[in-house]
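Below: one structure, written as C-alpha cells.
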Amino acid sequence: MRPLSQRVCIYCRLSRRSYISAVRPPTAPKPVPDVKHVRQNPELYAQNCRDRNYPAHAEYPSRIQQLSDEARQIDDQLMPSRLRIKALEKTIGRLQNPATDPKKKEQEPALRAEAQQLKEESLELTNRKSICSDQINELALSLPNLSSSHTPVGADPTLIEYLNYDPQSPPSWVHNRDPSRSHVSIGTELGLIDFASAATTTGWGWYFLTGDGALLEQALIQYSLSVARRHGWNPVSPPSVVYSYVADACGFQPRDQNSEQQIWAIEQAEKDKAKPQRSLAATAEIPLAAMHAGRDLDPATLPLKMVGPSRCYRAEAGSRGVDTKGLYRVHEFTKVEMFGWADNTSTHSSPTSTDLFNNLLTVQKEILTSLNLPCRILEMPTSDLGASATRKRDIEALFPSRKRGNGDNIEEAWGEVTSASICTDYQSRRLGTRVRGITVKESRFPHTVNGTAMAVPRVLAAILENGWDPARRVVVLPEVLRPFMGGQEVIGK
C-alpha cells in the first residue's frame with residue numbers, strides 16, 4: 001500500500017468543481033438553494049458577500065437575476081410553439097379513433113411533421129434554458145449564508161464576557177514572559193508529547209501523545225461527553241471519511257487569496273475517476289450533518305441533538321508563524337463536536353436554533369470554566385464566518401506560549417478553543433433534509449447548529465501551560481478530570 005502522504009491530495013475549490021458538475025453517488029439528494037430570495041434581494045446578498053470577504057461572489061446575485069430574466073424570455077418565446085404542439089397532439093390523438101373520416105386521417109403525416117419541426121426548432125431554446133437553470137443553481141449554491149443581525153460587520157469581534165479571568169488582575173506570567181511555560185517544552189520534559197518521532201513517521205503537523213498525555217486526551221473526551229450528555233446531547237460515533245460533495249454542502253469552501261483548501265481528498269485510482277470523490281472529514285460536523293441527508297424529519301422528534309468524538313483531518317495550507325509549532329495547529333486531531341437540527345417555524349413550540357445555540361454555549365462555558373482555563377467569549381465578525389454560518393461565537397483561552405515580549409499586552413496570547421455556529425437552512429437545503437409537513441408544500445428545511453465540545457490538542461496545551469507549577473515541575477490537573485485519570489492530581493514526578 002502507498003504511504004498516506006501519497007494517497008491524499010489537496011481538495012480542489014468549489015469555483016473549479018461545482019455542486020452540479022461534481023460526481024455524486026446515486027443516493028445524493030438534490031440541493032435546493034433559495035433562488036427566489038436571492039432574486040428578490042440581490043443587493044442584500046451582494047453586500048453580504050463583500051462583508052464576508054467573498055468579493056468575487058458579489059456579482060453573483062445580479063448574474064442570477066440576468067439569467068432568470070433570460071429564462072423567462074425563453075419561456076415567452078417557446079409559449080406559441082408549445083401551444084401549437086399541444087393542439088397538434090390533441091388533433092393527432094383524435095385521428096386515432098377508428099370512426100374518424102379516412103380523408104381526415106390523411107392529414108396525420110403532415111400534422112406529425114409539423115409537430116416534429118416545431119419541437120426541433122424549440123430544442124435550442126430549451127437547451128439554453130436548461131443551461132441558465134444550471135448556472136443559476138450553481139451561483140446560488142456558491143453564495144455564503146446571510147449574516148445575522150447579531151454579527152458585527154467587518155473584521156473586529158465583539159467581546160461578550162470573560163471566564164476565569166479578570167483583566168484587572170491577570171495571571172502573574174502576563175507581566176513577564178516565561179519561555180519555559182510552553183506546552184512544547186512542558187510536554188517534552190514530562191514525556192507527554194513526542195514531535196520528533198512524528199516528524200520521522202509522518203512529517204510536520206503530526207505528533208504522538210505518550211504516557212499521561214495519551215490518558216489526558218481520553219480524559220478530555222470522556223469529560224466533555226459526560227457534560228454534553230447531561231445537557232441532552234446524544235452520543236454518536238461518526239465515520240472519518242465522507243463524500244466530498246457533503247463537505248461542499250456543509251459550507252467548507254475555501255476563499256483565501258491562494259485558493260488553498262483545508263480538506264484532504266483521498267486519491268482515486270485511474271479506473272475509479274468516474275466514481276464519487278471521498279475526503280477525510282475536517283470535523284464531525286460534516287458526517288453528522290449528512291446523517292439525515294435526503295430525509296424528512298418528523299417535527300415531533302425535533303430538536304435533534306447529537307455529540308460525536310472523531311479524528312479530524314485538515315491540510316492547514318498556508319498556516320505560518322507561531323501556530324506552526326506545537327499542538328495549536330496540526331493536521332490530525334481528536335475533537336468532540338455537537339450538532340443539532342431545529343424546526344424554526346412560528347407554529348411550533350419546540351426549541352429553535354437560537355435555543356440550541358445558547359445550549360451549545362452553556363455546555364462550552366461549563367466545560368472550560370470547570371477546567372480552570374482563563375477564557376474570553378467573542379461574537380465573531382462577518383469576515384470571520386465560514387460560508388454556512390449566519391452567526392458564530394468563539395471562546396478563546398490564554399496561552400502563555402503565544403505571548404510575545406515582556407509587556408502587559410496579551411492580545412496575541414488568546415487562542416480559539418471552541419466555536420459555535422447557527423447555519424439556518426444553509427446545510428439542510430444542500431443536503432435535502434426537510435421537516436415533514438401535512439402536505440408536500442408544507443414541508444420545510446430545518447435549521448442546523450454546530451459547536452465544539454472539546455478540541456483536544458488545544459485544550460490539552462492550554463491545561464499544560466496554565467496548570468504548570470514551575471517550582472515543582474508538575475502540571476496540576478483540574479479536579480473534574482481527576483476521576484478520568486485514576487484519581488491523579490498532577491502530571492509529573
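The values are calculated or read from the model by the stated rules, or taken from the named source; none is laboratory data. Since we're looking at a predicted model, the values are computed, not measured. Don't worry about glycine lacking a Cβ; one is built from the backbone with ideal geometry, like all the others, and counts go over all protein chains shown. When the accessible area is computed, the model is the full protein with side chains, heavy atoms only, and any ligands, DNA or RNA have been set aside. Shrake-Rupley method; radii C 1.70, N 1.55, O 1.52, S 1.80 Å.
Only one of Ala300, Ala315, Ala290, Ala274 is at pLDDT below 95, touching a strand residue (DSSP E or B) at 6+ places or on another chain (Cβ under 9 Å) and outside any strand (DSSP E or B). Can you tell me which?
Criteria check complete, one pass: Ala315.
What do you reckon, is Arg458 of a type outside the set (Ser, Thr, Tyr), under 22 Å from Pro374 (Cβ atoms) and under 27 Å from the mean Cα position of the chain (by Cα)?
For Arg458, the condition - of a type outside the set (Ser, Thr, Tyr), under 22 Å from Pro374 (Cβ atoms) and under 27 Å from the mean Cα position of the chain (by Cα) - is met.
Consider Ser388 carefully, then state whether it is touching a strand residue (DSSP E or B) at 6+ places or on another chain (Cβ under 8 Å), closer than 22 Å to Phe339 by Cα and part of a helix (DSSP H, G or I).
Here the answer is no, as Ser388 does not meet what is asked.
Being open to solvent by 50 Å² or more (accessible area, probe 1.4 Å), within 30 Å of Val153 (Cβ to Cβ) and either in a loop (DSSP other than H, G, I, E, B) or touching a strand residue (DSSP E or B) at 6+ places or on another chain (Cβ under 9 Å) (or both), is that true of even one residue in the range 411-427?
Taking the range 411-427 as the starting set, the residues that turn out to be open to solvent by 50 Å² or more (accessible area, probe 1.4 Å) are 411-412, 416.
Remaining after also requiring within 30 Å of Val153 (Cβ to Cβ): 411-412, 416.
Those left that are additionally either in a loop (DSSP other than H, G, I, E, B) or touching a strand residue (DSSP E or B) at 6+ places or on another chain (Cβ under 9 Å) (or both): 416.
Within the range 411-427 (the criterion being open to solvent by 50 Å² or more (accessible area, probe 1.4 Å), within 30 Å of Val153 (Cβ to Cβ) and either in a loop (DSSP other than H, G, I, E, B) or touching a strand residue (DSSP E or B) at 6+ places or on another chain (Cβ under 9 Å) (or both)), the answer is yes, since at least one residue qualifies.
Picking from Ser197, Ser169, which residue would you name as being in a helix (DSSP H, G or I) and free of Cβ contacts under 8 Å to residues at least 60 places away in the same chain?
Step by step, each of Ser197, Ser169 is checked, and only Ser197 is in a helix (DSSP H, G or I) and free of Cβ contacts under 8 Å to residues at least 60 places away in the same chain.
Which residues, taken from the range 431-451, are in contact with a helix residue (DSSP H, G or I) (Cβ under 7 Å, 6 or more places away or on another chain) and open to solvent by less than 20 Å² (accessible area, probe 1.4 Å)?
Correct list: Leu431, Thr433, Val435, Pro446, Thr448, Val449, Asn450, Gly451.
Quick check: anything in the range 211-228 in contact (Cβ under 8 Å) with a residue 40 or more places away in the chain, part of a loop (DSSP other than H, G, I, E, B), open to solvent by 40 Å² or more (accessible area, probe 1.4 Å) and at negative phi?
Looking for residues that are in contact (Cβ under 8 Å) with a residue 40 or more places away in the chain, part of a loop (DSSP other than H, G, I, E, B), open to solvent by 40 Å² or more (accessible area, probe 1.4 Å) and at negative phi, one finds none in the range 211-228, hence no.
Condition check ((1) of a type in the set (A, V, I, L, M, F, W, C); (2) touching a residue at least 24 places away in the same chain (Cβ under 8 Å)) across all residues:
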site	(1), (2)
Val38	yes, yes
Arg50	no, no
Pro55	no, no
Ala58	yes, no
Arg63	no, yes
Gln66	no, no
Ser81	no, yes
Ile85	yes, yes
Glu89	no, yes
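State which residue pairs qualify: first residue of a type in the set (Asp, Glu) and in a strand (DSSP E or B) and inside the range 459-478, second residue at pLDDT 95 or above and open to solvent by less than 10 Å² (accessible area, probe 1.4 Å) in any location, beta carbons under 8 Å apart, and separation of 6 or more residues or different chains.
Asp469/Val475
Can you give me the ranges of the helices (runs of 4 or more DSSP H) entirely in the range 52-151 with at least 2 residues that are under 30 Å from Lys30 (Cα atoms)?
Result: 60-95, 108-142.
Being assigned to a loop (DSSP other than H, G, I, E, B) and either free of Cβ contacts under 8 Å to residues at least 40 places away in the same chain or under 24 Å from Ile367 (Cα atoms) (or both): is that true of Gly187 here?
No; evaluated as a whole, the condition is false for this residue.
Identify the residue in the range 339-378 that is charged (D, E, K, R) and surrounded by 17 or more Cβ atoms within 10 Å (Cβ to Cβ) and, among all such residues, is farthest from Pro170 (Cα to Cα).
Asp343
When you scan the range 330-353, do you find a residue that is farther than 17 Å from Gly203 by Cβ, assigned to a helix (DSSP H, G or I) and at pLDDT 95 or above, even just one?
Yes - at least one qualifying residue is present in the range 330-353.
Can you pull out the residues in the range 457-493 that are surrounded by fewer than 24 Cβ atoms within 10 Å (Cβ to Cβ), closer than 30 Å to Asp355 by Cβ and either touching a Ser or Thr at 6+ places or on another chain (Cβ under 8 Å) or not hydrophobic (A, V, I, L, M, F, W, C) (or both)?
Correct list: Pro478, Val480.
Hey, any hits in the range 393-404 for a residue that's of a type in the set (Gly, Ala, Ser) and surrounded by fewer than 24 Cβ atoms within 10 Å (Cβ to Cβ)? So that I can check it myself, show each step before the final result.
Step one: list which residues in the range 393-404 are of a type in the set (Gly, Ala, Ser), which gives 397, 401.
Then keep just the ones that are surrounded by fewer than 24 Cβ atoms within 10 Å (Cβ to Cβ); that gives none.
No: zero hits.
Restricting attention to the range 97-127, and to residues there that are polar (S, T, N, Q), within 58 Å of the chain's Cα centre (by Cα) and open to solvent by 40 Å² or more (accessible area, probe 1.4 Å), which single residue is modelled with the highest pLDDT?
Asn127
If you take the residues in the range 37-95 that are within 28 Å of Asp384 (Cα to Cα) and of a type in the set (Asp, Glu), which one is least open to solvent (accessible area, probe 1.4 Å)?
That would be Asp51.
Answer yes or no as to whether Leu141 is over 30 Å from Lys36 (Cβ atoms), crowded, with 17+ Cβ neighbours inside 10 Å and not acidic (Asp, Glu).
Spelling it out, it is not the case that Leu141 is over 30 Å from Lys36 (Cβ atoms), crowded, with 17+ Cβ neighbours inside 10 Å and not acidic (Asp, Glu).
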